[in-house]
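Okay, so here's the structure we're looking at.
Every number in this text was worked out from the coordinates using simple rules, so none of it is lab data. Computed from a predicted structure; not experimentally measured. For neighbour counting, all protein chains shown are included, and Cβ atoms are generated from backbone atoms with ideal geometry for every residue, glycine included.
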Protein chains: 2
Amino acid sequence: MNIKQLAATIYQKRSFLCVGLDTDPDKLPAGFANTAQDIIRFNKEMIEATLDHAVAYKINTAFYEAMGIKGWQIMEETLAAIPDTHFSIADAKRGDIGNTAAQYARTFFETYPFDSVTVAPYMGKDSIQPFLDYTDKTTIVLGLTSNKGADDFERLQLTGGQQLYEKVLTTVAGWGSPDNLMFVVGATQAAALQNIRKLIPEHFLLVPGVGAQGGTVEEVAAAGWAPNCGLLINVSRGVIYASKEDDYLQAARLAAKGYQEQMASAFK
Amino acid sequence: MNIKQLAATIYQKRSFLCVGLDTDPDKLPAGFANTAQDIIRFNKEMIEATLDHAVAYKINTAFYEAMGIKGWQIMEETLAAIPDTHFSIADAKRGDIGNTAAQYARTFFETYPFDSVTVAPYMGKDSIQPFLDYTDKTTIVLGLTSNKGADDFERLQLTGGQQLYEKVLTTVAGWGSPDNLMFVVGATQAAALQNIRKLIPEHFLLVPGVGAQGGTVEEVAAAGWAPNCGLLINVSRGVIYASKEDDYLQAARLAAKGYQEQMASAFK
């Protein structure tokens, strides 16, 4: 699925919910063991439970890598369980020199056929170009992140008036197009979102940080809306760990439904 | 192995050569197939051939990830083949919010017990701290990289006089110590190395970009030397692909020996 197809799906479902599959074996409901089989089962159940209300799934690769080879097996089967009707994201935040970046692009666009992957901007154009070279895929570059550490470097003031993240957004926007390039902007940065929309009026924003990290759908939608919606809000813990009891599936479905209803009211 | 032990080894061997195992299945010598078994054999032979002249091995995770699960099996066995007498580096350039960064730290310090891992600075302190929390391990943060794209963001001028990479070096240096924290500085940035040494006089620098990318040992040693040597120069393609013919092992050994001899003359 590409960005245009995603935008159509968003309007059809009146939802821009992305469910984050940051599956931590230590946080599974009772009855699940720390085995590949059980973790795959949990992920598949979560996908099924939220399918009606979500338009995308984001796999945070760190949680899978930490399990070693077992984790990559789980990631592979989880990706295969995401239907073509939904947009898939490898949240991998890779970034390296050109020939190495090409290997990472191959990893997340071919070896594991995700629709999109998150990429770090620090090393500049030749670290991002190999991802953009896959023109039917989507590259998602870090802009202004949701964590406290965003103040350390992303918000540094440059000579010429911009902060670093603003320079990253406007520079990288020139390397791709709104059809193959998105940016990560944290929901906790709602005050900056209006400004970001002025800088990059057409690009989709992948917005983590709603729920556990403190941002709200309403704030993000008010400040970040674009003509094509242009928003994808990710919720991980608030959906997949909505309950650890026997009702974990119903709780996840209800949480996703709740977010979708908040999102629906943003459509005019 | 920690940084102090590495420094002692460097003085003993009069070498600060790190061999980069960026093993690309398409570039193996004749007689090697694209199988886990053959790639592991190649890596083991390369380690054995260069052991006398190198003090460290760097595994570029991208090349292994691109192979899928097979790649992680190869990485695991390759890491196991690096003896305790040598410093091991996971060149992974990870970076994410705190709870995710903790998963990456676990991946490369526990699941795969490397001595060190490379980390990207863009997201700030809480993306780096979980690595530094492993006080017996080494965190290697990107400073000024060897690629052309380093000009895009790393060299941006900040208000207050510093360039971004200078701010990164001086800020991150305050989060760790010369005993558990290194920085990546490209060999192609030799002109900046003298300045970097003034900013961070005691930290080890991991210096890629000698050989295929164009930097020289002499330039790097002249500009980057610290009281404890403080340098680790990585060569990947210049050693492991020194020959694709039957003499590939001898060629790799000779290439490593050549670099070691250049390095020896830097010791007073």
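Here are the numbers:
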read-out	value
Kirkwood Rh, Cα atoms: Rg over Rh of the protein assembly as shown	0.98
Average beta carbon contacts from partner chains per residue of B:157-169, 10 Å cutoff	3
Share of alpha-carbon pairs per 5 Å distance bin for chain B, given as whole %	1, 6, 14, 18, 20, 18, 13, 7, 3, 1, 0, 0
Ascending list, in nanometres, of distances separating the B:THR35 label from those of the other copies (7 Å, Cα toward Cβ)	3.1
Modelled FRET efficiency - R0 60 Å, B:TYR11 with A:ALA226, Cβ distances, 0.05 increments	0.55
Label point distance in nm, B:LYS4-B:ASN195, each placed 7 Å from Cα along Cα→Cβ	3.4
Amide H partners (placed H, <5 Å) of A:VAL210, local residues excluded	A:ALA187, A:GLY215, A:ASN234
Within the range A:67-170, trypsin sites (Lys or Arg not before Pro) in DSSP loop having at most 16 other beta-carbon neighbours inside 10 Å	A:ARG155
Centroid-to-centroid separation of the range B:54-88 and the range B:106-142 [C-alpha atoms, Å]	16
MRE, 222 nm, helices only [DSSP H, n ≥ 4, -39500 (n - 2.57), over chain B, to nearest 500]	-12000 deg cm²/dmol
Taking A:ASP133, B:ASP96 and counting other C-beta atoms within 10 Å, the order from fewest to most	A:ASP133, B:ASP96
Normalised contact order of chain B, rounded percent, pairs of Cα under 8 Å and 6 or more residues apart	22
Subset of A:LYS44/A:LYS244; A:LYS167/B:LYS198; A:LYS27/A:LYS70; A:LYS13/A:LYS93; A:LYS58/A:LYS167; B:LYS93/B:LYS257 violating a 23 Å alpha-carbon distance limit	A:LYS167/B:LYS198; A:LYS13/A:LYS93; A:LYS58/A:LYS167; B:LYS93/B:LYS257
Vicinal HN-Hα couplings computed from phi for the range A:241-252 (Karplus, 6.51 cos²θ - 1.76 cosθ + 1.60; Hz; Gly/Pro x)	10, 4, 8, 9, 8, 4, 8, 4, 6, 5, 5, 5
Candidates A:ALA101, A:ALA33, A:ALA56, ranked by Gaussian network fluctuation over chain A, Cα under 10 Å, top entry	A:ALA33
Cβ-Cβ FRET estimate between A:SER177 and A:GLU261, R0 fixed at 25 Å, reported to 0.05	0.20
FRET efficiency, 1/(1 + (r/R0)^6) with R0 30 Å, evaluated for A:GLU110 and B:GLU245 via beta carbons	0.50
